[in-house]
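Worksheet: one structure, shown below.
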Amino acid sequence: MNPIVVMPDFFVDRVIKLGSKEEFFNSINDKARLGGGSIRGVPTADIKGGNATNVAYCLARLGVKVALFTMADDIGAAILRQTFSRFGENVNLLVTSGRHGSTTAFELLNERDVRVNIMISDVGDNSKFGPDMVNSSDHLNYLKNSDATVVVNWGSNLKGTQLAEHAFKNSPKSLHFIDPADIETRKEDFRDSLKYIAEFTDVLSINESEYNSLAGVTGLEHLELTREDIVDHIKDAVRQLAEKIDISVDLHTRKGAAWSNGKETSFVRAIKVDVRTLTGAGDSWDSADVLGYLAGLNATERLTFANATVSLYLRSQDAEPPTSNEVFELLERIGV
């Protein structure tokens, strides 16, 4: 298998695990009334982050060759080298000098007692990662010979459309896969960009929040994951979006995952787990989804593989994605 090329973002993430939103705000208000102070005893971890970096790492854990195109300063580049050193020649890092991003992620329970993550980010130079950042002979050679080209975090990158066009046009034999991340503040721009890149994009991967952002600007019904007819509701939603944008859509939600090309549709329920890690879960799902495409799995098989992969990630205490063997062992245990 030829390498999978992933781009463009790298962040250093601080993940803070909290109880409920109300408890957190009450603690802040109490400290503010007292003139400040420390809220102690909060579990915190510093991890590598950024959608591209996470997808690349998850793919490497699944045993795939990866080329990561990203940006970092000297300290960030050292973190990247240390993080990926365990994979040896299976991972190639092409790191452009610049200011990588920083994120503080709060994982907490919302009003419906569902664990969510809220991220506060300084995107750094990821906001201007355009074609000029991936135009060396090495970059172009990796693109030309890649099996898949994955462009993520369009939402943070003001040059994301130009980057996707450049990357996809220079990888004519690749699967072309885009996951925009949070687009709420740029949803009209992303809707318009899809019209432009549809002709050379194979897969749009989104979660329910990103679906609802697009639904709001394309005249589609919002997803309501509390509905009793949830399976039909999700299948109808993904089919209508795929038909409207003329791109196959992979939709992953806490209830399950769906695919549609605008005509055919598949849905696979999520595997219920005790969630210990949220930040990076979508990247874990994407990595398995891409691998499923390259392995020639049908839609149901591919969604099942991706759901199994992310379930193992979600239950991980240390945010470590699973290996392929661990995913296959889980599928065998649950009789799939």
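Listed values, structure above:
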quantity: 17 Å Cα-Cα reach of Lys173 towards lysines, excluding residues that sit fewer than 8 places from it in its own chain; calculated: Lys65, Lys144
quantity: Segment Glu188-Ile334, extension gain: residue separation times 0.36 nm, minus the distance between their alpha carbons; calculated: 48.4 nm
quantity: Simple label model, 7 Å out from Cα along Cβ direction - Ser38 to Lys195, nm; calculated: 5.5 nm
quantity: Set of lysines near Lys128 by C-alpha distance (under 16 Å), chain-local residues within fewer than 8 positions excluded; calculated: Lys159
quantity: Modelled FRET efficiency - R0 35 Å, Phe25 with Glu320, Cβ distances, 0.05 increments; calculated: 0.70
quantity: Set of lysines near Lys31 by C-alpha distance (under 20 Å), chain-local residues within fewer than 8 positions excluded; calculated: Lys17, Lys21
quantity: The chain - share of DSSP beta bridges that are antiparallel (%, nearest 5); calculated: 40 percent
quantity: Within the stretch 1-81, trypsin sites (Lys or Arg not before Pro) in DSSP loop having at most 10 other beta-carbon neighbours inside 10 Å; calculated: Arg40
quantity: Peptides ranked, highest mean first, by Cβ atoms within 10 Å: ranges 299-305, 170-176, 195-201; calculated: 299-305, 170-176, 195-201
quantity: Contact order relative to length of the stretch 237-282, as percent, for alpha carbon pairs under 8 angstrom and 6 or more apart; calculated: 31 percent
quantity: Per-residue ³J(HN,Hα) for the stretch 292-304, Karplus 6.51 cos²θ - 1.76 cosθ + 1.60, θ = phi - 60°, Hz, x for Gly and Pro; calculated: x, 4, 5, 7, x, 5, 6, 4, 5, 4, 5, 5, 5
quantity: Per-residue ³J(HN,Hα) for the stretch 223-232, Karplus 6.51 cos²θ - 1.76 cosθ + 1.60, θ = phi - 60°, Hz, x for Gly and Pro; calculated: 6, 10, 6, 9, 5, 5, 8, 4, 5, 5
quantity: Amide H contacts of Lys159 (H built 1.01 Å from N, under 5 Å, at least 5 apart or other chain); calculated: Phe129
quantity: Assigned charges on the beta-carbon of Lys, Arg, Asp, Glu; the chain dipole about Cα centre (debye); calculated: 440 debye
quantity: Stretch gain in nm, segment Leu109-Leu220, where the contour uses 0.36 nm per residue and the Cα spacing is subtracted; calculated: 37.1 nm
quantity: Nitroxide proxy distance, nm - points 7 Å out along Cα→Cβ at Asn141 and Val116; calculated: 4.7 nm
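A short reminder: the numbers here are calculations on the coordinates, not readings from a lab. Keep in mind the model is a prediction, meaning the values are calculated, not measured. A quick note on method: Cβ atoms are made from the backbone with ideal geometry, for glycine too, and the neighbour counts reach across all protein chains shown.
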